[in-house]
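Presented below is the structure to which this report refers.
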Amino acid sequence: MNTGIEALDILAEQFARLPGIGRKSAQRLALALLEYTPEDIAAFTAAIGDAKEKIHRCPICENLTDREVCPVCANPARDKSVICVVEDARAVMAFERVRSYNGVYHVLHGLISPMSGITPDTLTLRELLLRLQDDTVKEVIVATGATTEGEATAMYISRLLSPLGIKVTRLAHGIPYGGELEYADEITLSRALEGRRDF
């Protein structure tokens, strides 16, 4: 990224570090910030700092929250006997948009990918097993994406939980292979949830 304006190039490089932001988008964002007033810039940077300071993992489900416990875990109307295991917070947001799931979640914060150095130990599987120690949970829905890493993670979780006698299901084929949950429309995601299958 070389505009000949060093400060602008450095700013654009920072935006380009964000996932899904290419060189042109990074330059557009950097140029857009230059149109901000000093007050807008102060509010923007304060929002980033505030989010970084206040957002943490829920001690129950590992989802992101700015409260002591996330709203899903804190909601007494949610069905605590069903846990939907997802890759990240974006997948939780996708399911919550559907509004047809009333169970709770467990966020892995990644998928098994030895090539990227992500092993089962780096995911929140230990925390998931701790949640299954009492007889509350009757079903675990493995809702990882239909990618190679998603399938490998789903199979690992299925084998890990099989000795516990808990029903383990997988989302139905409403999600195309290689598809990411966060981009699935509400109807597709809802049908995949309804048509989940046993391992």
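The values are calculated or read from the model by the stated rules, or taken from the named source; none is laboratory data. Here the structure is a predicted model, which is why all the values come from computation and not from measurement. For neighbour counting, all protein chains shown are included, and Cβ atoms are generated from backbone atoms with ideal geometry for every residue, glycine included. Side chains included, ligands, DNA and RNA excluded: accessible areas come from the protein's heavy atoms. Shrake-Rupley method; radii C 1.70, N 1.55, O 1.52, S 1.80 Å.
Being hydroxyl-bearing (Ser, Thr, Tyr) and open to solvent by less than 10 Å² (accessible area, probe 1.4 Å) is the filter here, so list the residues in the range 142-167 that pass it.
Matches in the range 142-167: 144, 153.
Filtered by the rule that a residue be open to solvent by 50 Å² or more (accessible area, probe 1.4 Å) and not hydrophobic (A, V, I, L, M, F, W, C), the range 78-113 gives 79, 80, 90, 96, 97, 99, 100, 102, 109. Selection of the range 117-128 for residues being surrounded by fewer than 19 Cβ atoms within 10 Å (Cβ to Cβ), of a type outside the set (Asp, Glu) and in a helix (DSSP H, G or I) yields 120, 122, 126.
Yes or no, residue by residue, for (1) surrounded by 10 or more Cβ atoms within 10 Å (Cβ to Cβ); (2) small (Gly, Ala, Ser):
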site: 3; (1), (2): yes, no
site: 11; (1), (2): yes, no
site: 18; (1), (2): yes, no
site: 28; (1), (2): yes, no
site: 32; (1), (2): yes, yes
site: 40; (1), (2): yes, no
site: 45; (1), (2): yes, no
site: 52; (1), (2): no, no
site: 55; (1), (2): yes, no
